[in-house]
């Protein structure tokens, strides 16, 4: 969401449309920059919401390869922007796809980049239904596309897209293009929403997107009931949430609000519950059951049972907004139902948008020179062009400690299972050690204090940009640390660290678990800036904690450090300050999934 702003070009998507006349010639398209395709700005009239009672205008741009017509149809892929962006962000990707024989349609999501109506966070009933009508346009339905914003100059029906006669439920279909979707962040969430309401869509490639927005924006690392969904929220991610909320309000600009005044009343440019959500999060650090329900309604965790098409998930290791656990939860839910799903954990994400060399390019995708871009193209060629291309391994993850030149493929490890690591236990000791199996631990407690009002308990890098030059300094008495001895050999961790804590507290505290790499000189680095808030609803019971997954090598001479802090600068913690005691005896070990 945040990382894909108006000025950022990211995500890939394709819409194989083929433009042809139905009884007359279509309007002339713009001259192609390189002679291999042409493009046309279009406006779409769609109806969304209950009983399709809300009309919206969607702006987008169509790319058609030279030589594609009714006699030579091609498949189609659809794409839209990340949060705060517009259809323009996807143009470089669609130019690349057009050069590879795909027709592309990029459009601005509802509430963004010239499209009217309010932001509904990729709700299936609004954003999903809008995307479905664009699928119908690609399938040849008339009366949807126009060449002017006033919707007075209709664009001819498309007749050159490859057509399917049966959808993915096995039912006869009409206006059914061979179509895939891809895109990142907000442009990833829309793919699930669209596929949940439209079985004509053939495949999707969601990048750096969410499984459950209530976890994304108010994560809890304990009390998991399914996937990443928890019985109650943890701590509000106030920094990310505030920036996102502000970007959504500001996106239309003054002219946008004047042109579409229905966006202003109530919660500006948002459906009403969003103003309540941000108020609850900022003031209390918590979100109530109604907000949780609304956020989950816009999350694939709530409708994954309606996704029945091949899915290639791509998620970022350096992502403090939508972490690797979210993609894993979606992957597991799809696989449990027998859906053809594969997953990539790439290096980049919302907190570090620069991909590694030879991995993926925001502005110049190259399927031959870039590992991830090549995987995407192979996936679409296989499922949309019926080519015999391999779709790649079940699971691939980037290792930043591998040296390579050119294409990043050598840095990717692959596996036929996502669970690649074997648990290695490090036991909490009251003397501050994290001790391996067989080493006696010192029993006893460590006590920290949480701050009143959910305030931070130290100065540290911001969650949104963990690579910033902000030192890490906690107020004395607000942090408990356990550290291993220096590694005698490299230890590669791939997956989610876990620990079970035995605690005592006079109320229901919120604390934060963090995993550090400690160098031989004593300097410590929070791994990928990832933080695990823990809302302890019953201190008398063991507290199982699942931290965000990582891909990290602890080099020889380096140590692992587990920290539990009473607050964090990027979150709003529990409102009541209190002591929290953590006992070494009775707590389970820190378990790291280690790859041999």
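The values are calculated or read from the model by the stated rules, or taken from the named source; none is laboratory data. None of these values were measured; they are calculated from a predicted model. All Cβ positions, glycine included, derive from the backbone under ideal geometry; neighbour counts span all protein chains shown.
For residues in the range 377-396 being touching a helix residue (DSSP H, G or I) at 6+ places or on another chain (Cβ under 9 Å) and in a helix (DSSP H, G or I), which is surrounded by the fewest Cβ atoms within 10 Å (Cβ to Cβ)? Per the criteria, the residue is 377. Residue 521 meets the conditions (1) in contact with a strand residue (DSSP E or B) (Cβ under 7 Å, 6 or more places away or on another chain); (2) more than 22 Å from residue 322 (Cβ to Cβ); (3) free of Cβ contacts under 8 Å to residues at least 12 places away in the same chain in every case but one. The failed one is (1).
Each residue in the range 337-353 was checked for being crowded, with 20+ Cβ neighbours inside 10 Å and part of a loop (DSSP other than H, G, I, E, B), and 4 pass. Which is assigned by TED's automatic domain parsing to the domain that holds residue 76, over 27 Å from the mean Cα position of the chain (by Cα) and surrounded by 14 or more Cβ atoms within 10 Å (Cβ to Cβ), of 152, 174, 147? After applying the criteria, what remains is 147. For the condition more than 18 Å from the chain's Cα centre (by Cα), more than 30 Å from residue 239 (Cβ to Cβ) and assigned to a loop (DSSP other than H, G, I, E, B), residue 356 does not qualify. Residues of the range 354-372 that are out of contact with any helix residue (DSSP H, G or I) (no Cβ under 6 Å at 6 or more places or on another chain), buried (at least 24 other Cβ atoms within 10 Å of the Cβ) and either more than 27 Å from residue 301 (Cβ to Cβ) or touching a residue at least 60 places away in the same chain (Cβ under 8 Å) (or both): 370 alone. The single condition among (1) on the phi > 0 side of the Ramachandran plot; (2) surrounded by 22 or more Cβ atoms within 10 Å (Cβ to Cβ); (3) in contact with a strand residue (DSSP E or B) (Cβ under 7 Å, 6 or more places away or on another chain) that residue 84 does not satisfy is (3). Which of the residues belonging to the range 559-586 are within 23 Å of residue 349 (Cβ to Cβ) and either in contact with a helix residue (DSSP H, G or I) (Cβ under 7 Å, 6 or more places away or on another chain) or assigned to a loop (DSSP other than H, G, I, E, B) (or both)? Within the range 559-586, 568, 569, 570, 571, 572 qualify. When the range 88-111 is filtered for residues that are outside any helix (DSSP H, G or I) and either in contact with a strand residue (DSSP E or B) (Cβ under 7 Å, 6 or more places away or on another chain) or not assigned by TED's automatic domain parsing to the domain that holds residue 214 (or both), the ones remaining, listed by number, are 101, 102, 103, 104, 105, 106, 107, 108, 109, 110, 111.
Filtered by the rule that a residue be over 24 Å from residue 109 (Cα atoms) and assigned to a loop (DSSP other than H, G, I, E, B), the range 154-192 gives 159, 160, 162, 164, 165, 167, 168, 169, 170, 171, 173, 174. When the range 46-62 is filtered for residues that are more than 24 Å from residue 244 (Cα to Cα), modelled with pLDDT of 95 or more and touching a helix residue (DSSP H, G or I) at 6+ places or on another chain (Cβ under 8 Å), the ones remaining, listed by number, are 46, 47, 52, 54, 61. Counting only residues that are assigned to a helix (DSSP H, G or I), out of contact with any helix residue (DSSP H, G or I) (no Cβ under 7 Å at 6 or more places or on another chain) and either over 16 Å from residue 85 (Cα atoms) or in the same structural domain as residue 114 (by TED's automatic domain parsing) (or both), the range 250-264 holds 6 of them.
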